[in-house]
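Engineer: Got a structure for you, questions after.
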Amino acid sequence: MSEFEFVAFIAALMAVNALGVDLMLPALADIGRDLAIVTANDRQWIVTAYIFGFGIGQIFYGPLADRFGRKPVVVVALLCFVGAAVFAAHSASFAALLGARVLQGFTSAASRVLSVAIVRDRFSGRPMARTLSVAQMIFFVFPILAPTLGSAVLAFGPWRLIFYALATYTLVVFVWALARFAETLPQARRVPISLAALRQSYRLTLTDRFSIGYAVSSALTFGGIVSFVSSSQQIFVDEFHAGGKFTILFAVCAFSMGCAAFANSRLVERLGMRMISQSAVFGLIALSLVHLAIIASGHETLATYIVFQALSMTCIALCGSNFGTMAMERVGHIAGTASSVQGFIASVGAVAVAAVIGQSYDGTTLPLALGYLGIGLVALALILWIEGGRLFQARAGA
C-alpha cells in the first residue's frame, strides 16, 4: 500500500467500530418501542453493551496478532463481525439484542488493537501520533455521517435494516484487507503464545508507569465520548426538543473531534504530544467549570450546550491519540499484547465512566458537565503521577 492507501485503510478499519456504535443512534427510540424497553436510560445499554464487549475482546486479539500476524486476525475478526451484525438484526428481545451487541463489540475489538499495532509496526513517537491523527481525522467523519446514514436507512425500512447496512460495510473492508493489506509483522518478531510469554508481556504492560497511567487516562477521556454518545438522543430530543435536528447537532459535536485530530496531525511533530494533551486537559477542566456556572445560573440553552460540548470534545480528541501513543512508548516491542491490555483498560474503564455519568441523566446537562470536570481533574492527577510532577516537558521524540 502507498502511504495514502495505508492511512485510508487504517481509518476504514477503525470506522467499523465507529459505525458499530453510532449508526443505530437514530433508531434507539424505535428499538425501545419494538422490544418493550422500559425506560429511556435503559436504551443506553445498547451502546454500553457494545463497548463492554469491545473491551473484553481486546485481551485476546493482541496475543493472537503477535503470534500469527496482523492480517489473519484482521480478516477473521471482520468476517465474525458481519455474522454478529446479522445476529443483531434478527434479535427478538432486548436481552438478545444486548447479547448481539456484546458479540459485535467483541469482534470489532480487533479493529482497535490491530490498527494501533499495525501503525506501531511502521512508526513510533511523533510520526506514529501524526499517522494515527490523520487516520482518526478520516475516522471521525463516520461519527459525523453515521446518524444521518442511520436515518437514511430508516427511511427504507425498520431498525433491523441498519444492522444489515453495517454488515455490508464491514464486508467491503474485509475484501479490501484480503486483497490489499500486506502483513506488517515479520516472522522473526512473532511471539509464541505461552503462559510464560503472556505473563511477562502483561506484567511489563501493567507495571510500566507510562503504559498503565496513560491507558487509564485514555479510559477517562474515552468514557467522556461514550457518555455523550449514549445520552445524546435523550439530551437533544427529550431536554431540548430538537429531535428534527438531531443528526445535524450530533454531527457538529463529532466534527469538532475531526478538526482536533487534523490539528493534532499538523502540530504534534512540532509541539509534542505532552504539550498538546496536557494543554487539552487544562482546557477541559476550564470549560467544565464555566459550563457548570452557566447551568447553575439557569442560562443553559441548546446553543450554549452545543458550544461547550463541541469544545469539550475537541479537548478530549486532542488527548486521545496522544495518550494512546505515549502509553506505547516503552512497550512497542510487544505492541500487539500491549495494545490489547491497554485497549481493555481503556474500553472497560470507559464503560464504567459512561455508566456512572449516563445513568445519572436526570433530564438536564448537569451530570455530563460534572462528569467532564471529574474526567479532567482525575486525568490531570494521573499525568502528574506519570510525569513525576513535570508538565509541558517533552521527552525524546515525544
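The values are calculated or read from the model by the stated rules, or taken from the named source; none is laboratory data. What you are looking at is a predicted structure, and each value in this text was computed from that prediction instead of being measured. Note that we place each Cβ from the backbone using ideal geometry, even for glycine, and neighbour counts take in every protein chain shown. What goes into the accessible areas is simple: the full protein's heavy atoms, side chains included, and nothing from ligands, DNA or RNA. Shrake-Rupley method; radii C 1.70, N 1.55, O 1.52, S 1.80 Å.
Engineer: For the stretch 1-193, just say rounded, prolate or oblate: build the C-alpha gyration tensor, square-root its eigenvalues into a ≥ b ≥ c, call rounded for a/c under 1.5, and beyond that prolate if a/b exceeds b/c, oblate if not.
Structural biologist: prolate
Engineer: For a Förster distance of 51 Å, can you work out the FRET efficiency between the beta-carbons of ALA293 and ALA95, rounded to the nearest 0.05?
Structural biologist: Computed FRET efficiency for ALA293 and ALA95: 0.75.
Engineer: Continuing with the same structure: For the stretch 201-390, what does the relative contact order come out to in percent, with C-alpha contacts under 8 Å and a separation of six or more?
Structural biologist: Answer for the stretch 201-390 is 46 percent.
Engineer: Shifting gears a bit: Keeping all protein chains in place, calculate the accessible area per residue for the chain (probe 1.4 angstrom), answer in Å².
Structural biologist: Here the per-residue accessible area is 37 Å².
Engineer: If R₀ is 30 angstrom, what is the calculated FRET efficiency for the pair PHE68 and ALA8, using the beta carbon separation as r and rounding to 0.05?
Structural biologist: Taking R0 as 30 Å, the efficiency between PHE68 and ALA8 is 0.75.
Engineer: With +1 on each Lys and Arg Cβ and -1 on each Asp and Glu Cβ, how big is the dipole of the chain about its Cα centre, in debye rounded to the nearest 20?
Structural biologist: I would put it at about 1220 debye.
Engineer: Something else now. Go ahead and estimate [θ] at 222 nm for the chain from helices alone: -39,500 (n - 2.57) per DSSP H run with n ≥ 4, summed, over the residue count, rounded to 500.
Structural biologist: Mean residue ellipticity at 222 nm (helix-derived): -27000 deg cm²/dmol.
Engineer: In addition: May I ask for the net charge around ALA77, where only other residues with Cβ less than 13 Å from the Cβ of ALA77 are counted and Lys, Arg are +1 while Asp, Glu are -1?
Structural biologist: +3
Engineer: Follow-up question, since we're still on this one. Going by a ≥ b ≥ c, the root eigenvalues of the Cα gyration tensor, does the chain fall in the rounded group (a/c under 1.5), the prolate group (a/b larger than b/c) or the oblate group?
Structural biologist: oblate
Engineer: Sticking with this structure for a sec: Return the carbon/sulfur percentage of the accessible area of the stretch 1-193, one whole number, probe 1.4 Å, all protein chains in place.
Structural biologist: 72
Engineer: Assign one of three labels to the stretch 264-398, namely rounded, prolate or oblate, based on the Cα gyration tensor with a ≥ b ≥ c the square roots of its eigenvalues; rounded applies when a/c is under 1.5, prolate when it is not and a/b is larger than b/c, and oblate otherwise.
Structural biologist: Verdict is prolate for the stretch 264-398.
Engineer: Once you've got the GNM for the chain with C-alpha springs shorter than 10 Å, pick whichever of THR365, THR337, THR48 has the biggest mean-square fluctuation.
Structural biologist: Among THR365, THR337, THR48, the largest mean-square fluctuation in the Gaussian network model of the chain belongs to THR365.
Engineer: Rounding to the nearest 20 debye, state how big the charge dipole of the stretch 201-390 is about its Cα centre with +1 on each Lys and Arg Cβ and -1 on each Asp and Glu Cβ. Please list the in-between numbers first.
Structural biologist: Numbers: 8 positive and 8 negative charges, 112 e Å.
So the magnitude is around 540 debye.
Engineer: For SER340, what is the net charge nearby, where nearby means another residue's Cβ is under 13 Å from its Cβ and Lys, Arg count +1, Asp, Glu -1?
Structural biologist: Value of the local net charge: +3.
Engineer: R0 = 30 Å: FRET efficiency of PHE392 with VAL307, Cβ-based, nearest 0.05?
Structural biologist: Working: r = 27 Å, r/R0 = 0.89.
Taking R0 as 30 Å, the efficiency between PHE392 and VAL307 is 0.65.
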